[in-house]
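The values are calculated or read from the model by the stated rules, or taken from the named source; none is laboratory data. Computed from a prediction, not measured in an experiment: that's the story for all the values here. Glycine also receives a Cβ, built like all others from the backbone with ideal geometry; neighbour counts cover every protein chain displayed.
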């Protein structure tokens, strides 16, 4: 019996394992093996995969990122094996960040899981790829002085100045993602309840309160652009769509250059909002919902450094209540953990 017919009779899990093993062994020996029969190349089914992701509620930005990554990799490896993908990702780690590689891994895992599940590809070479995670870092954010400097920046074109300052104030004052700010619709801004509705990742709704300073800047900008036909707060140049985030990134980058500051990225403004509010005593659960995190544990992990500072502060302030010795160094393993009891002149109670 032909090998491919034997493989086709196996259970889905064993079939995947057998095909991957054969392809890996063949690749090691330089032998070309075709187990693909009449299946299309994976790149040809990307439109179907994109449609499936849309039906699952993934955000347009995530779909665009995944499909772009998949096309780029499949042009280099039209029918990749597990070893092909493993080698590719290992090489990418020398050129880009671990986060970037992680996103590419997720794209290929999603694609081949879909193709294999619906019979459009005979194996899932990405199934056993281990996701690479970046080393945990504290989120970088601008200082108050740096924020004051970039707020004073005035873009050369007058028409861009109001858009720049409004976008900057909105993100730093609400913690919005740059894409969420750019795609904010007028109908979702409520000056009566002093809040905005945001459609975040997975089209999940959340409501964010507006600080008076943010609301004032937003009102002035929307009134000045009241004749725009666009449904978005930040209309595109032709007045139909929304302003692309590249324009704001460029203006922010130029502001940093003129002020002789290190580069500030829009996502750091989001961290500025979260860090400042948490340091001022805001509840972690509330900030987590405002940021649109799927779980409060994500917020707690990202902003763990703030909690550690609070722990130290609280212990230094209140730890004196603990009676642990007389303040003298411990010598030869002996320590007076508690001060001696005061002598009592009164007779003990009976």
**Message:** Among the numbered criteria (1) outside any helix (DSSP H, G or I); (2) outside the structural domain of residue 274 (by TED's automatic domain parsing), which one does residue 196 miss?
**Reply:** (2)
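In segment 256-287, how many are part of a helix (DSSP H, G or I) and surrounded by fewer than 12 Cβ atoms within 10 Å (Cβ to Cβ)? Don't jump to the end; show me each part of the working.
Taking segment 256-287 and keeping what is part of a helix (DSSP H, G or I), we get 256-258, 266-279, 284-287.
This time we only want the ones that are surrounded by fewer than 12 Cβ atoms within 10 Å (Cβ to Cβ), so: 257, 285.
So the answer is 2.
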**Asked** In the set 125, 155, which member is in contact with a helix residue (DSSP H, G or I) (Cβ under 6 Å, 6 or more places away or on another chain) and closer than 30 Å to residue 77 by Cα?
**Response** 125
**Prompt:** Residues in segment 94-116: is at least one within 23 Å of residue 179 (Cα to Cα), modelled with pLDDT of 85 or more and part of a loop (DSSP other than H, G, I, E, B)?
**Reply:** no
**Request:** Determine the pairs where a residue that is touching a residue at least 40 places away in the same chain (Cβ under 8 Å) and on the phi > 0 side of the Ramachandran plot, located within segment 201-224, has a partner that is surrounded by fewer than 13 Cβ atoms within 10 Å (Cβ to Cβ) and part of a loop (DSSP other than H, G, I, E, B) with Cβ atoms under 9 Å apart, the partner being 6 or more residues away or on another chain.
**Result:** 202/56; 202/57; 202/294; 203/57
**Request:** Return yes or no: is residue 186 over 18 Å from residue 267 (Cβ atoms) and free of Cβ contacts under 8 Å to residues at least 60 places away in the same chain?
**Result:** yes
**Fill in**
Every listed condition ((1) part of a loop (DSSP other than H, G, I, E, B); (2) over 16 Å from the mean Cα position of the chain (by Cα); (3) surrounded by 13 or more Cβ atoms within 10 Å (Cβ to Cβ); (4) modelled with pLDDT of 70 or more) holds for residue 250 save (1)
**Asked** Quick one: which of 74, 83 is in contact (Cβ under 8 Å) with a residue 24 or more places away in the chain, surrounded by 17 or more Cβ atoms within 10 Å (Cβ to Cβ) and either out of contact with any helix residue (DSSP H, G or I) (no Cβ under 8 Å at 6 or more places or on another chain) or in a helix (DSSP H, G or I) (or both)?
**Response** 74
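Residue-by-condition table, conditions (1) buried (at least 17 other Cβ atoms within 10 Å of the Cβ); (2) at pLDDT 90 or above; (3) out of contact with any strand residue (DSSP E or B) (no Cβ under 6 Å at 6 or more places or on another chain); (4) assigned to a helix (DSSP H, G or I):
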residue	(1), (2), (3), (4)
145	no, yes, yes, yes
154	no, no, yes, no
159	no, no, yes, yes
172	yes, yes, yes, yes
206	no, yes, no, no
215	yes, yes, yes, yes
**Message:** I'm trying to understand the selection: among the residues of segment 12-54, which are modelled with pLDDT of 70 or more and in a loop (DSSP other than H, G, I, E, B)?
**Reply:** 39, 40, 41
**Fill in**
Note on residue 298: of the conditions (1) more than 25 Å from residue 61 (Cβ to Cβ); (2) at pLDDT below 90; (3) loosely packed, with under 14 Cβ neighbours inside 10 Å, unmet is (1)
